[in-house]
Each structure stands twice: as C-alpha cells, then as structure tokens.
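Take a look at the structure below.
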Amino acid sequence: MSAAGGSILLVGVGGQGVVLASAIVADTALRSGYDVKQSEVHGMSQRGGIVSSHLRYGRAVASPLIEAGQADVVVATEWNEGLRALPYLRPGAPLIVNLHRVVPPGACRDRLGGRFGYPPLAVDALAREVGDVRACDALAIARRVGSPKALNSVLLGVLATLVPFPDHTWREALAANAPRGSFPANAAAFDAGRALRYPDETWAQAAAAAPAPNGNEGRARGAPATLALTEPWCKGRACGICVRACPELCLAIDGRDRVAVVRPEACTGCRLCELLCPDFVITVHDTVVEAR
Amino acid sequence: MTLGAAMGGARALAAMKHVGLNVAADTFMTAAYTGARAGLVVVSADDPGMHSSQNEQDNRFFARFAGVPLLEPADSQEAYAFTLLAFELAERFDVPVLLRSTTRVSHARGVVHRAPAAGPPAPRFERAPEKFVMLPGYARDRHRALLERLAALEREAEASAQNRVELRDRRFGIVTSGIVYHYVREVMPEASVLKLGLSHPFPAGLVRRFAAEVERLVVVEELEPYLEDAIRAAGVPVEGKAYFSRTGELSPDLVARGLERAGWPAPAPRPRHAAPPTAGRPPVLCPGCPHVTPYLALRQMGAVVSGDIGCYTLAAMEPLRAMDTTVAMGSSIGMAIGLARSGGASGPVVATIGDSTFLHAGLPALADAVYNGTRVTVVILDNATTAMTGGQAHPAAGVTIRGDAAPTVDLRALCRALGVGWVKVVDPYDLAGIRLALAEAVAQPGVSVVITNRPCVEMPVKVRDHPFTVADGACIACQACMNLGCPSITWSSGWHEGRRKVQIDAVTCTGCTVCVQTCVPGAIVPAPGRSGKA
Ligand SMILES: Cc1ncc(C[n+]2csc(CCOP(=O)(O)OP(=O)(O)O)c2C)c(N)n1
Ligand code: SF4
Ligand code: SF4
C-alpha cells in the first residue's frame, strides 16, 4: 500500500472485535504520523449483526467513507462478511479473510427444501476472482497462541505486512488499546498472524477448515407430509398437547373442539404429534420419505 | 435535569438520540423562553438510514421550531470545537443551543486538537421568577425576549467563522453542512462551497452574497430540504432535493451521482468486483436471551402483542414472529389499551415492555389501564439493564450508571401500588412456567402483569453456564429447538428423513437450558467435560 495514504475496510460480526481492531489500526496510523479518519457502523451489533468500519489515512483526509472499488485492503473477521465486502475492494488489492464461519440462524430456515443459505467456503473460486487472498483460520490460531478473543489481532498481524506503519507503532497501539490484561495474548496473536506465509498459507488453512453443510445435496424432502386424523377420539382444548408440540404450528383446536390442520403446507413429517398424542388421533403419512 | 443544573449556574449538557428530543421537547421548547444562567447545550444525533432507530426524523427543524441556535459539526474536530462554541453562544445569548450530529459524525474517530481549558463559571442559583416561572404573564415577555435574541443571533450567524465561503470554480455553488461537506470536498474538490456550521438562525444575507458569486446554487444535505427551504424562503433560486434523496444516508458516491444528475460531469465509473451471493445477517437475540420464551408462548397462544423498543423488538422477526406493533419507547401499554378497547383483537391483548422502558414511560399507561378497568396483560421483561443501548443501569437495576450500589425499584410492589390486582414473577428459562403464567394472566378479568426475572446474558456481566450439545443419534431433526432463534443452534451436516439435523456451538451456548425443554426425544445433552467458561 502507498506510503502517501490508503483506505482500509474492516468488516465482521458483532462481538468479533472489529471496532477494537479498527481503533488499533487508527491509533497505529496516527502514531506513524498520518491524519486518520475512521467511521464505523454497528447497527445492533451486540445482537450478532454486521459491523463495518471504514478507515482512511494520509496527509489530510476529508471523508471517512470508502467508496465501492476503492479499498486498498479489506480485513474480514468472518467469511460471509468478507464476500459481502468484495465490491468495496479495489480490483487487484488484497483480501484478508478469516476462514471461521459464523452461520446466522436465518441461513437454516428452509425446512422442507433444506437449502442452506450460507455461501460455500470456496477459497479457490475466491482466489480466481480476487487474486491476492490471505485466508487463515484466525480463531484456531488465536486459540492456539493464547485466547480465542484475540482473533482480530491475528488478522491485524496479516495486515501489518501490507501497510507502511513501523513495527513499534503497532506494538504501542496494541498496548494502549487492548483491554486490560489481554496485551500478551493479543501481541502473541499479532505475531502469529504476521508470521503466516502467503499464498501457501491460504491453501494450507483452507484445506484444514472443516467441511460444513453445503447446498441441499438432494436429500431434502421437498414436499410436506400429510396427516390423517381420527377426530372423534380427540379431547380438544382439554388436552392440546399436539398443538403445543408441533414445531411448525400446523395444528389448532377448532370451533368444534377437535384438532384441525391449519398449515398443511408446512408439515415436515417429524411425527412429534403422532408420538405424543395420548389418544392415537394422528397418523403421519410420509409419502415423500416412503417413495425413496 | 440539565435545565435545572444550568439555572443553578452549572454548565450542563444533555445528550440524546433524535427521538429522545421528542420526549424532551416539552421542556426544550420552553427552555428556549427561559434560557438559563450557565450554558445549556442539547446534543442530539440524527440517524439517517436508520442504522439503529425507528425513524429518521431531521432534528434541525427543532432548532427552528424552538427558536434556538443550531450547530452542525462535520467531523470529530468540529464536534469538539462546536461544543465549546455552543456553551459560549448559550451564555452570551442566554439561550439553549442545539448541537446536531449524525450517526456518521458520532460513530467516528479522528484527530482532535484540544483548546486550552477555560474554567466554567461558579454555580450559584439566583431567583428570577419572571425568567424561570413560565406562567402566561411571564412567558409572554420571555417569548418577545426570545425573538430579540434570535435577531441578535442572526447577526452572529451572518458573521460567524463557522459559516465559511470557499470560492473556486464559479459554475456551481454548493451549500452544505455536517459530514456531507466532506463528501462534497471529496468528489468535487474544485467546486465553490458555502459550509454552514451555525445554520439557525439562517444567514440569508451570506447565502445571497454567495449566490451572486456563482452561476447555480445547489444544496447537498441529508434527509429533509431544511437548508433548501430556508434559501428558497429568502427568495434565492436554488436546487437540491431534485437530485438527492430525502431518505437514508448520503455517501461520496451518492453525492457524485446527484451532482451528475444536476449536470456536473461525473468521474468515470470505477471497476469493482461483483457482489457474490451471501447470507443475510439481521441482528438476532443472543444465545440464552431471557426475552425468548415469553414470545414463544405468546405466539402459540395467538395473542395480539403490542411491543416496545429494546432488544426484544427483535421478537418481531423470524422465527419468533410474535410482535404485532412497535412504535415508540413506552407506547406498548397505551397501544394495548387501545387495541383492547377497539374490540378488534383476534386474541388476548398483551403488551410487552422492557424494564428500562417501563420505568422510562410505561407507568402512566399502566395506571390508566387499571383506573379504567381495561382487560390487558402486561409482560415486563426485567433483564436488570438497558441492553439494547449498551447495558446502562436504571432505577430497578440496583446500581448507579457508575456501578455503585443504589436503591432498587421493586417492580412487583410498584405494579401493586398502581392497583394491579394480579402480578406474577416468573423465570423465563422455565418454558412451562412461562406458558402457565401467561395462560393464567390472560384469563384475568382486568389488568394482569407478568414479570420475568433473568438478567441479560451479555451485560453488565456475561452469564455463562455449562454448554449443551446435540447427541446426533438421538436427534430426529424436528427442528423444534430452532424455533427459538438461538444463534448457537444451526444445521449440522446430518440428515434424518429428509430433514436437517442440528448442532450447538459450544463456544457461544450460554447453557440456558431452554432448547433442552423443547427437545422431545431428549437429544440435547450437556457438552462433555467440565465447563471452561467463566
Ligand atoms: C425516546 C427514545 N429514547 C431512547 C431510545 C433508544 N433506546 C432504544 S432501546 C432503549 C432501551 C431498551 O431497554 P429495555 O426496555 O430495558 O430493553 P432491553 O434492551 O434491555 O431488552 C433505548 C433507551 C429510543 N428508541 N427512544
Ligand atoms: S443483549 Fe441481553 S437483552 Fe439483548 S438480546 Fe442479548 S441477552 Fe437479550
Ligand atoms: S442452551 Fe440451547 S437455547 Fe440456550 S444458549 Fe445454549 S443452545 Fe441456545
């Protein structure tokens, strides 16, 4: 990156230390004699949302915001967030990305189709698009050298090899900003990050990252199951066990005080109602699974 | 509180988000009449783009509405300098000053050069009822005095160093304020600019002189056409919102595109990587959040839920989807009364409100519900903190904002004192207990209150118990546990009868046990080993 100035985008998930990391980078740039502006947005990040921090340094900086295609480096503490930030990266510029995945619960919602909403960990495809990808499992590295909380410092160590800030400014900024007592762990994590060798390290770490569910592998049921009800046996509101048990809220007690299927399209065939009904009112006909 | 302090002669500053000023407006509007002894500054940050807010109102109108000076800092250095200036103006003109920030200015770091510290005046309260007691007779005089002060302030704004003309290329004259100034400088460094730092009272003369120097006058501002309307009212031809959105944040890119629409040659579009498919990541309730189970139960009961503002507003989203209305801090109970009185609700009407919000603005409506005998249930989600905004203590938390011991409001006794006949405190980690309590509560003929009693797991201290794991062989992939929306629970790579099995992330699981209670086959078991968690 140019010694005259640059733009660094840091992104991740609430709780991963993105804001602290960007404070450390800002402090380092300042100690290296630059003007710095930094602006972050962490909507409701305490609750697992997206955090992004724009940082620009140079002789004199006007706007703190980085425009699309203008970041000289993107530092992502999470895989999906690294992909999301890609349009900000200047073509040809390096992407530093953590291979650790934080899957949002919303990616696991397609219960009938089984479609996994989280992008696959395809490092080779990313490297073809970006060129310079510096990927590592920062969480595993941080845990190995001291504390999993220092994963942000591992990535700062990787960043340090790309920016023109003297070593002592990094150390001073780490010491000044790391939470009390955590400096040794953060310094060790920083050193471990800086010692990684790219591109070899990217491939080694990507190979080691554990496989996770990808796509739907053609194993999802795809269609709802159907229920057969022997209504006269149902005790209605006096019981209501199946209504409370159904994970999909498919069942209700209707005006005749008997069980009724109100959301047939959502039944996943889990059979909880059949298993729990004390009066054998419900039978699940799972044509989907039987047809296999 | 700050007005009282300033009347007592101590410099005082009240900071709040934009919607906070709505609540403070009653006092604020009249404080413009009274003024104070020592400087009174109100700092209010707008949230264009609603990063974490329920609306994106433009608080600059409050300055015009109340008749107080308005300062708009553009960066960290100006935020500092303008705060000093605000106290100086407040004391010189005997009027509160509104310092209006935005999310981008407030959530920022930059280099700040400090000024030598000047000692504040010594506090001393002097009686002056004709100034401080706003009976109509006194207030009439004070309103006239305010208008005189505004005239003097207008002269101040015309000459202020914070309203700066930068003449460059004369084809375009840009009028702007706040952080947008930096965006304009970034994308159009050659344009002439009038940067307004003290933008109310409006320096119409200065704008007229600037307009005479340039061919076209264009206002670039976030949110409402506040400056644009003022310029037009001064009889100066101007353009602005024809090119820029009235909603959301601006950015250098959006400023460049707006100016392009206005006829300024745009720089060639820069190459960029295409956006790959990614997973959405809306905020979610934390693993072990005590707010989860009441909403799970309310949804199953088919209750009509009047929500409020706090972390628990997230219960309106998938998968809990158990909140029907949310409008403003403290509105839940009043709205529940209205919903119940309307006769249109399809199920029992339940208001849900956080402890902090209840103490802030819930009490009057609860007293009203009791007084008028409305049949509603109120769930007070007592997590002993103000979690959504960062874990500030409050009068029922037992500690001061600095962490010292403090007297504690007893919420149960408080509800009884307001006349609520049926109050029950329940453990939200006891799913069956929550279901029973709510079922009993909605069966009451009048007002009933259910109070949950588990602390927030994140603040002020992290609550961690031994984590759980899923015994893969026992999981039947019913995904009942996933209805909690706990972020520690995701799909594993296993399948059962065409459904995904689940796994629990031991690092983030807080061991709250709620998912265990939803698991019919008993597949959720304690993780092996002793808990390493603190
Ligand atoms: C008038 C107003 N002031 C301040 C805020 C900012 N705010 C959002 S949520 C919240 C408090 C939430 O506390 P609580 O109700 O206890 O819920 P918790 O987040 O702890 O679950 C505040 C002060 C607001 N939205 N409106
Ligand atoms: S911060 Fe506390 S109250 Fe908010 S979602 Fe997390 S656990 Fe719940
Ligand atoms: S016990 Fe279950 S619901 Fe509670 S935090 Fe752990 S995984 Fe989430």
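Of all residue pairs spaced 6 or more apart or on separate chains, those with beta-carbon atoms under 7 Å, a first member in the range B:98-109 that is open to solvent by 30 Å² or more (accessible area, probe 1.4 Å) and a second member that is of a type in the set (S, T, N, Q) are B:H107/A:S39; B:A108/A:Q38; B:A108/A:S39; B:A108/B:S76; B:R109/A:Q38; B:R109/B:S76. Checked against (1) in a helix (DSSP H, G or I); (2) assigned by TED's automatic domain parsing to the domain that holds B:F244; (3) out of contact with any Lys or Arg (no Cβ under 6 Å at 6 or more places or on another chain), B:Y181 passes all but a single condition, namely (3). Determine whether B:G173 is in contact with an Asp or Glu (Cβ under 8 Å, 6 or more places away or on another chain) and surrounded by 20 or more Cβ atoms within 10 Å (Cβ to Cβ). The answer is yes for B:G173. Filter the range B:276-294 for residues that are part of a loop (DSSP other than H, G, I, E, B) and touching a residue at least 24 places away in the same chain (Cβ under 8 Å) and give the result. Scanning the range B:276-294 gives B:P282, B:P283, B:V284, B:L285, B:C286, B:P287, B:G288, B:C289, B:P290, B:H291.
Okay, residues lined up against (1) more than 16 Å from ligand 1 (Cβ to nearest atom); (2) under 21 Å from B:C311 (Cβ atoms):
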{"residue": "B:V442", "(1), (2)": "yes, no"}
{"residue": "B:V449", "(1), (2)": "no, yes"}
{"residue": "B:P467", "(1), (2)": "yes, no"}
{"residue": "B:V470", "(1), (2)": "yes, no"}
{"residue": "B:S493", "(1), (2)": "yes, no"}
{"residue": "B:H496", "(1), (2)": "yes, no"}
{"residue": "B:T513", "(1), (2)": "yes, yes"}
{"residue": "B:V516", "(1), (2)": "yes, no"}
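In this structure, B:A297 does satisfy being more than 13 Å from ligand 2 (Cβ to nearest atom), at the interface with chain A (Cβ under 10 Å from one of its Cβ atoms) and crowded, with 20+ Cβ neighbours inside 10 Å. Scanning the range A:248-268 finds no residues that are assigned to a loop (DSSP other than H, G, I, E, B), hydrophobic (A, V, I, L, M, F, W, C) and in contact with a Phe, Trp or Tyr (Cβ under 9 Å, 6 or more places away or on another chain).
Among the residues of the range B:218-236, those that are farther than 18 Å from B:G258 by Cβ and assigned to a loop (DSSP other than H, G, I, E, B) comprise B:A234, B:G235, B:V236.
Looking at the range B:300-329, which of the residues that are assigned to a loop (DSSP other than H, G, I, E, B) and either facing another protein chain (nearest Cβ under 9 Å) or within 16 Å of ligand 3 (Cβ to nearest atom) (or both) is surrounded by the most Cβ atoms within 10 Å (Cβ to Cβ)? For the range B:300-329, the residue satisfying everything is B:L320.
Going residue by residue through the range A:96-109, is there one that turns out to be more than 9 Å from every other protein chain (Cβ to nearest Cβ) and open to solvent by 40 Å² or more (accessible area, probe 1.4 Å)? Yes, because at least one residue in the range A:96-109 is more than 9 Å from every other protein chain (Cβ to nearest Cβ) and open to solvent by 40 Å² or more (accessible area, probe 1.4 Å). Taken over the range A:238-272, the criterion of being facing chain B (nearest Cβ under 10 Å), free of Cβ contacts under 8 Å to residues at least 60 places away in the same chain, open to solvent by less than 60 Å² (accessible area, probe 1.4 Å) and not small (G, A, S) is satisfied by A:V243, A:C246, A:P247, A:L249, A:C270, A:L272.
Every condition in (1) assigned to a loop (DSSP other than H, G, I, E, B); (2) open to solvent by 50 Å² or more (accessible area, probe 1.4 Å); (3) not aliphatic (A, V, I, L, M) holds for B:H394 except the one numbered (2). Among the residues of the range A:1-22, just one is among the β-branched types (V, I, T), more than 14 Å from A:E81 (Cα to Cα) and in a helix (DSSP H, G or I), namely A:V19. Select from the range B:462-486 the residues that are more than 14 Å from chain A (Cβ to nearest Cβ) and among the hydrophobic types (A, V, I, L, M, F, W, C) and write down the one among them that is nearest to ligand 2 (Cβ to nearest atom). Applying the filter and picking the extreme gives B:V463.
Listed conditions (1) within 16 Å of ligand 1 (Cβ to nearest atom); (2) open to solvent by 20 Å² or more (accessible area, probe 1.4 Å); (3) over 22 Å from B:T293 (Cα atoms); (4) not small (G, A, S) are all met by B:D368, apart from (1).
The set of residues from the range B:431-458 being open to solvent by 50 Å² or more (accessible area, probe 1.4 Å), in contact (Cβ under 8 Å) with a residue 24 or more places away in the chain and in a loop (DSSP other than H, G, I, E, B) comprises B:P445, B:N453, B:R454, B:P455.
The values are calculated or read from the model by the stated rules, or taken from the named source; none is laboratory data. A quick note: this is a predicted structure, and the numbers were derived from the prediction, not measured. Virtual Cβ from ideal backbone geometry, glycine too; neighbours counted across all protein chains shown. Side chains are part of the model used for accessible areas, which takes the heavy atoms of the whole protein and leaves out ligands, DNA and RNA. Shrake-Rupley method; radii C 1.70, N 1.55, O 1.52, S 1.80 Å.
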